[in-house]
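Please read the structure below before turning to the comments.
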Amino acid sequence: MKTARTICVILISISAITVVLSALLLRQIWRDERLIRSLGDSDEGLRHLAVSRLAKRANNSSHLILRALSDDDVQIRAGAVRVIGEIDHPSDLLITELLTVFRNDQIEGVRLEAYGSLLKIGLPVGEGFMESLSSDNPIVRRLAAIGIGRIGFQAARPCLVKLLNDDDDGVRSRVVTALGLLGCRESVKTIEIALADDSPTVRADAAYSLAQLGSNAEEAVPALIQCLEHCDSRELQTAVAFALKEIGSASRPAIPELMKLAFNNGNDTAGEALRDIVEDRDTVRAIAEKLRDEDESVRRRAAWTLVMGLRAEPVIPELIAALDDRSNSVRWGAAVALGEVGSPSVVAEDHLRRLAKSDVDMNVRAAALTALNKIQGK
């Protein structure tokens, strides 16, 4: 009889424990479900809170995140990919599923959210981006290409080079940009070939990629000069001029083309390139001659180009004469240029004092005062 009672008590206890555990489990399931639903809540603060909580407990909530990634609710799927982006070291499984969403989700906004999270994860997604280069979707190929460049996944460079023959202009454009971001000197010849692409956008992006490489792209200078000689697209001209500027002193053979682009075509970027790379006095004087041009925009560009420090010392008289120009911009540029020359511009002090005291334009007055301080070593 006593044994029977003991067994009965044990069974009742087990039943009670089972009921309590079931209640706790149901409560946890309810909480988890509410947390997932919060990812798609209309309240932005609640969405952020749900993302943060799931990211912090990633080790114990992977199953919830994976479930949310396949939810019918677009906002919940988008919230789930944001969660993965907030996890410090997401598991390989989460990364794989995130890549699947990036490649295959039917909603562009969700794919872009997934892409943003992949970029946050960085190098561990490099292989996934590289595999995505073979996607049938050109948008996925574009994003994968630029993603490789942004995370610096060098191993994908040969795959990127192959994509320069892609049928989609946007893909080729992102490929040359990615090659520039990777910063490999070995990519210069490849990017140089893209300067002859059928698409003007690809050609411009190739030039900007060479600019990204800076002095490492010096071997591309002849191709850039040839591009300037034969292109009439202002966007491409600006991109090429910027590349020559960033390459630096090795771009000096391009000075004649840059002079035409700056002063005949009115391209400010070409003027900036000249300001950075011109060294010889003959070219400095040729620029200074433009200070007497009838066209105000040419005079303005010449004054700004001559803001090149001591290299403008040979044309101090021309700069002083430009302080009387009727254009505020020309007077401002001339004052700044004289200040950058420094102490050799001491002969301009009286002219600069006059401007600092009584010029009608406040910017010119400020530039003249700054120039005086620089000349006096203050």
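Please treat every number below as a calculation from the coordinates, not as lab data. What you see is a predicted model; the values in this text were computed from it and never measured. With ideal geometry, Cβ positions are generated from the backbone for all residues, glycine too; neighbour counts draw on all protein chains shown.
Worth a mention:
- Calculated FRET efficiency for the pair Glu86/Asp295, C-beta based, R₀ 56 Å, to 0.05: 0.50
- About its Cα centre, the dipole of the range 279-378 is roughly 380 debye, where the only charges are +1 on Lys and Arg Cβ and -1 on Asp and Glu Cβ.
- Gyration tensor (alpha-carbon) shape descriptor, the range 262-332, a/c threshold 1.5: oblate
- Cβ-to-Cβ counts within 10 Å put Phe153, Phe129 in ascending order as Phe153, Phe129, the fewest first.
- Rg then Dmax, both in Å and based on the Cα atoms of the range 146-196: 9.7, 27.
- Unsatisfied cross-links (Cα-Cα over 22 Å) in the set Lys162/Lys189; Lys260/Lys374; Lys189/Lys245; Lys56/Lys120: Lys260/Lys374
- Cα gyration tensor shape for the range 279-378, rounded if a/c is under 1.5, else prolate or oblate: oblate
- Here Asp168 and Ala250 are evaluated by their C-beta separation; at R0 = 45 Å the FRET efficiency comes out at 0.85.
- Near the amide H of Asn267, within less than 5 Å, lie the amide hydrogens of Ala262, all on another chain or at least 5 residues away, with H placed in the peptide plane.
- Sorted peptide list for 365-378, 330-343, criterion being average Cβ within 10 angstrom, highest first: 330-343, 365-378
- Spatial separation of Cα centroids for the range 112-126 and the range 297-361, in angstrom: 50
- Cα principal axis extents for the range 64-122, largest first, Å: 26, 21, 15
- Environment charge of Val284, counting only residues whose C-beta is closer than 14 Å and scoring Lys/Arg +1, Asp/Glu -1: -2
- Karplus 3J(HN,Hα) series, Hz, for the range 112-128 with 6.51 cos²θ - 1.76 cosθ + 1.60 (x for Gly, Pro): 5, 4, 4, 4, x, 5, 4, 5, 5, 5, x, 3, x, 9, x, 4, x
- Our estimate of slack between Gln75 and Leu93, defined as 0.36 nm per intervening residue step minus the Cα-Cα distance, is 4.3 nm.
- Note on the range 177-270: Rg/Rh from C-alpha atoms, Kirkwood Rh, equals 0.93.
- Taking GluC sites (Glu not before Pro) across the range 256-339, the ones in a DSSP loop with at most 16 further Cβ atoms lying within 10 angstrom of their Cβ are Glu279, Glu294.
- Order by protection proxy (mean Cβ within 10 Å, highest first), peptides 307-315, 244-252: 244-252, 307-315
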